[in-house]
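K.L.:
Attaching a single structure in structure tokens format; questions to follow.
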Amino acid sequence: MSHTRTCLQLCCLLVFLSYTVQRVNGVWPLPQQTEESAERYMLSPQLFSFTYGNDSAVKAGCSVLDAAFKRYFSIIFPDFTDASGPHHVWLKSKGFGVSVSVKSSGCDGYPDEDSDESYKLSVSEGQALLRSLSVWGALRGLESLSQLVYQDDYGSYFINKTQIMDFPRFAYRGLLLDTSRHYLPLHAILKTLDAMSYSKFNVFHWHIVDDPSFPYQSRSFPNLSNKGAFHPFTHTYTQTDIRRVIEHSRMRGIRVIPEFDSPGHTQSWGKGQPDLLTPCYKGDVPSGSFGPVNPTLDSTYKFMGRLFKEVKSVFPDSYVHIGGDEVSFSCWMSNPNVGAFMKKMGFGKDYTKLESFYMENIMNMTATLNKTSIVWQDVFDYHERIPQDTILEIWKGTTVQYQAEMSRMTKAGHRVVLSAPWYINHISYGQDWRYSYTIQPQNFTGTEEQKKLVIGGEVAMWGEYVDATNLTPRLWPRACAAAERLWSDEEKTLNADLAFPRLEDFRCKLLRRGIQAEPLFVGYCRHEYNGLGCAQGYYYLNYKAINKCCTFPASG
């Protein structure tokens, strides 16, 4: 009996001590305005609910939010199952309801460049009120709410009295995955989308094909993947796979922008599409190798027109990335037919004019399909006649160089996405996230109107040395630094030392959510391991829980 009494007293003491739990304050990425009180409320999974506000334009049956409520309940209460056990006896919590009110209707559409992601969140005793203009803002608010809930060392859930008013600094907050250099299985892409939503990224730039492989399974041109993929069955993305990615993204407020890069980076295309690539010559005879897409043939533009018409039907977003980077001119220069075309067009020996001719045709093609083109900076550098609504993505250069490029692009009236400082497939020993955190996307010479043309930025994870085995730990939490830079107020988030405790805590949250984020530095997460005895169940304070705390003698 003394053993039982001692154990019960110990369990009660531990429950009492749980009220002294210390935690890191804050949401990642940092909201625009936050007021948090020391006043806190215990939450019980059994007494917690999501509801639609009476004044909400969307109600039960809204696909985006109905699914989000179920998803975030599991995120907020990761240990809870229907058979988790009885409520607390000594410290029984009160009911808590989250009321969500969305001003504008619309649950079946897709997020776009004009989506409003702002929200207001108020947490007080017994309730949280979440208000937004759109369902996309409600999703961002639910993510912030989920990060406000914390557990003490003994499993009890709490949330503090909090007021948040939040909106993104930039409308375009992207992440690029390269699925050509290494095929990424569907589950790896879906997990990346989950992690993106936790950091409030809203654009998945799918660099789906490139030189090494063509995994996109085209309805119009099945040989592109049959002959151009690493394997025609195991290493392709079917139309069903793509629909699943798009829907998974939509339910998390993420846009899917595909990239079909040309005229360079197209070696895999040529395996399944005859006469698309330029034959290279050695002297007067073909060498047997091929270069970029052949821009001199009418058949090239007929093929590209059919392909992009299919892309329009498959990918609902109004943006499409058409590439235009790193085109080697050596093969074009060797080909006598290309030389004759150059002479006919009056291009002389300037092969940038030939690339310009090709890219202008492709941009006009996508414009006819009511798609806004994104192109790599090379297209601007070659002085093509670029439609004014084309978005330019900066991918190279030192800080001084890309800042000068931004000045030139925005002076020409173009919208810009900055990616150059966030090529995080490059890794270094130590806390290299700190460099990403210091980037100031609008720090370049230009007017305020020019700086407004910077619509955001993008983290790039190129695949030369990345596949499903190391994708997640290489991405996270390093990409989180860019996420905060693109969402939060710059003046409030310039100090990486102040950000470190919040990012360290957020990394632990990612681990808890099944994202294998690598460590930031020396340390540990409280929920890294299961099987910690008392911490897993004693707080129910019944004999079932006591048995988890103590090992009783065989008799007596």
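K.L.:
Collect the residues in segment 185-217 that are surrounded by fewer than 24 Cβ atoms within 10 Å (Cβ to Cβ), in contact (Cβ under 8 Å) with a residue 60 or more places away in the chain and more than 15 Å from the chain's Cα centre (by Cα), keeping them in residue-number order.
P.N.:
Selection gives Pro185 alone.
K.L.:
Now a separate question. Which condition number in (1) without any contact (Cβ under 8 Å) to a residue 60 or more places away in the chain; (2) open to solvent by less than 60 Å² (accessible area, probe 1.4 Å) is the one that Ile374 fails?
P.N.:
For Ile374, the failing item is (1).
K.L.:
What are the residues in segment 285-302 that are open to solvent by 10 Å² or more (accessible area, probe 1.4 Å), over 15 Å from His265 (Cβ atoms) and either outside any loop (DSSP other than H, G, I, E, B) or not polar (S, T, N, Q) (or both), if any?
P.N.:
If the condition is that a residue be open to solvent by 10 Å² or more (accessible area, probe 1.4 Å), over 15 Å from His265 (Cβ atoms) and either outside any loop (DSSP other than H, G, I, E, B) or not polar (S, T, N, Q) (or both), then Val285, Pro286, Ser287, Gly288, Ser289, Leu297, Asp298, Ser299, Tyr301, Lys302 are the ones that fit.
Conditions (1) basic (Lys, Arg); (2) loosely packed, with under 14 Cβ neighbours inside 10 Å; (3) touching a Ser or Thr at 6+ places or on another chain (Cβ under 6 Å), marked per residue:
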position: Gly305; (1), (2), (3): no, no, no
position: Val338; (1), (2), (3): no, no, yes
position: Tyr351; (1), (2), (3): no, no, no
position: Met365; (1), (2), (3): no, no, no
position: Asn370; (1), (2), (3): no, yes, no
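K.L.:
Next question, about the same structure. Working only within segment 142-181, note down all residues that are hydrophobic (A, V, I, L, M, F, W, C), closer than 15 Å to Tyr41 by Cβ and in a loop (DSSP other than H, G, I, E, B).
P.N.:
Once the filter is applied, which keeps residues that are hydrophobic (A, V, I, L, M, F, W, C), closer than 15 Å to Tyr41 by Cβ and in a loop (DSSP other than H, G, I, E, B), segment 142-181 yields only Val149.
K.L.:
Of the residues Ser249, Ser220, which single one is in contact with a Leu (Cβ under 7 Å, 6 or more places away or on another chain), touching a residue at least 24 places away in the same chain (Cβ under 8 Å), more than 24 Å from Ala195 (Cβ to Cβ) and not basic (Lys, Arg)?
P.N.:
Being in contact with a Leu (Cβ under 7 Å, 6 or more places away or on another chain), touching a residue at least 24 places away in the same chain (Cβ under 8 Å), more than 24 Å from Ala195 (Cβ to Cβ) and not basic (Lys, Arg) holds for just one of Ser249, Ser220, which is Ser220.
K.L.:
Further question: Just give me the residues in segment 39-84 being out of contact with any strand residue (DSSP E or B) (no Cβ under 7 Å at 6 or more places or on another chain) and not in a helix (DSSP H, G or I), in sequence order.
P.N.:
Ser44, Asn54, Gly61, Cys62, Pro78, Asp79, Phe80, Thr81, Asp82, Ala83, Ser84 - these are the residues of segment 39-84 that are out of contact with any strand residue (DSSP E or B) (no Cβ under 7 Å at 6 or more places or on another chain) and not in a helix (DSSP H, G or I).
K.L.:
Looking only at segment 307-318, which residues are farther than 25 Å from Asp114 by Cβ and surrounded by fewer than 18 Cβ atoms within 10 Å (Cβ to Cβ)?
P.N.:
Glu310
K.L.:
Looking only at residues that are crowded, with 18+ Cβ neighbours inside 10 Å, closer than 22 Å to His265 by Cα and modelled with pLDDT of 95 or more in segment 380-406, which one is farthest from the chain's Cα centre (by Cα)? Quick ask: steps written out before the conclusion?
P.N.:
Taking segment 380-406 and keeping what is crowded, with 18+ Cβ neighbours inside 10 Å, we get 380, 382, 384, 386, 390-395, 402-403, 405-406.
In the following step, the residues that additionally are closer than 22 Å to His265 by Cα were identified as 380, 382, 384, 386, 390-395.
Narrowing further to those that are modelled with pLDDT of 95 or more: 380, 390-395.
On the way: Phe380: 26, Thr390: 22, Ile391: 19, Leu392: 20, Glu393: 17, Ile394: 18, Trp395: 18 Å.
Top of the filtered list is Phe380.
The values are calculated or read from the model by the stated rules, or taken from the named source; none is laboratory data. Remember, it's a predicted structure, so these values are computed and weren't measured experimentally. Cβ sites come from the backbone with ideal geometry, for glycine too, and all protein chains shown count toward neighbours. Surface areas here come from the heavy atoms of the whole protein model, side chains and all, with no ligands, DNA or RNA. Shrake-Rupley method; radii C 1.70, N 1.55, O 1.52, S 1.80 Å.
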